[in-house]
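**Student:** Structure in structure tokens, see below.
The values are calculated or read from the model by the stated rules, or taken from the named source; none is laboratory data. In this text the structure is predicted, and so the values were computed from the model without any measurement. We place every Cβ from the backbone using ideal geometry, glycine too, and count neighbours over all the protein chains shown.
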Amino acid sequence: MGRMKLGVLISGRGSNLQALIHACSDNNDPAEIALVLSNRPDAKGLERAAAAGIATQVIDHKSFDDRDAFDSALSDALSAADVALVCLAGFMRLLQESFVERWHDRVINIHPSLLPAFRGLNVHERVIQSGVRITGCSVHMVRSSVDDGPIIIQAAVPVLPQDTAHDLAARVLKAEHKIYPEAVRLIAQGRIKLHSGRVDFVDSMELGALLINPPLGRN
Ligand code: GRF
């Protein structure tokens, strides 16, 4: 079987994209990036993709009259690149229901909190403000409501007493870079299945007191 083709959607910095590029640069990885799409022409992630020799395309939402037309253009570009799995990586546009339906169970997102807590924007500020002691990040299947959908993998990260939102974001980001490629690997290897609206694992996992659930790197 060939490698699973990914389409990565970005709007900015692209550090999660970089983590995916790194993982896929190993020819034995079960996934490869076929296309990086950005809605912003100035997204730094476009440079990262180009540097890795990956095809890029800008589809600027501002040049479309409505959201559906923008989403259709995205879908068409992804289909043209023969993409099997769409990875949102700091993509700052809300995708409409029609897009999510067309790509049902084939769109995943990374969010910098332990979902379903702290959906939406300004997560780290709100985490600190709330006083929770543990936060983290989640990779989940995308549904049409924001930061919603079956959870694939999470990592827990401590909130330290003197943390600023900036400190916390940096600590969580490191965990993001570990779990996003791992989630892609689990999917590309056919090791997850959806059951009653949640993600189950095909093989049994040892779920000890590990901070990443499921643990990384099991084959
Ligand atoms: C990450 O924190 C991700 O969880 C969120 O947006 C940020 C994107 O960062 N969805 P980057 O562009 O991948 O560096």
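**Student:** Which of the following residues is within 12 Å of the ligand (Cβ to nearest atom), modelled with pLDDT of 95 or more and among the β-branched types (Val, Ile, Thr): 58, 83, 139?
**Tutor:** Just a single option satisfies the conditions, and that option is 139.
**Student:** Please give the strands (runs of 3 or more DSSP E) falling wholly within region 1-71 in which 2 or more residues are small (Gly, Ala, Ser).
**Tutor:** It comes to 31-38.
**Student:** For the condition assigned by TED's automatic domain parsing to the domain that holds residue 138, surrounded by 15 or more Cβ atoms within 10 Å (Cβ to Cβ) and either touching a strand residue (DSSP E or B) at 6+ places or on another chain (Cβ under 9 Å) or charged (D, E, K, R) (or both), what is the one hit in 74, 114, 78, 85?
**Tutor:** Only one candidate qualifies: 114.
**Student:** Here is a list of conditions, (1) away from the ligand (no atom under 15 Å from the Cβ); (2) over 14 Å from the mean Cα position of the chain (by Cα); (3) among the hydrophobic types (A, V, I, L, M, F, W, C), and residue 170 meets all of them except one; can you say which number that is?
**Tutor:** Every condition holds for residue 170 apart from (1).
**Student:** Using the structure shown, decide if residue 124 is of a type outside the set (A, V, I, L, M, F, W, C), farther than 28 Å from residue 103 by Cβ and buried (at least 20 other Cβ atoms within 10 Å of the Cβ).
**Tutor:** The answer is yes for residue 124.
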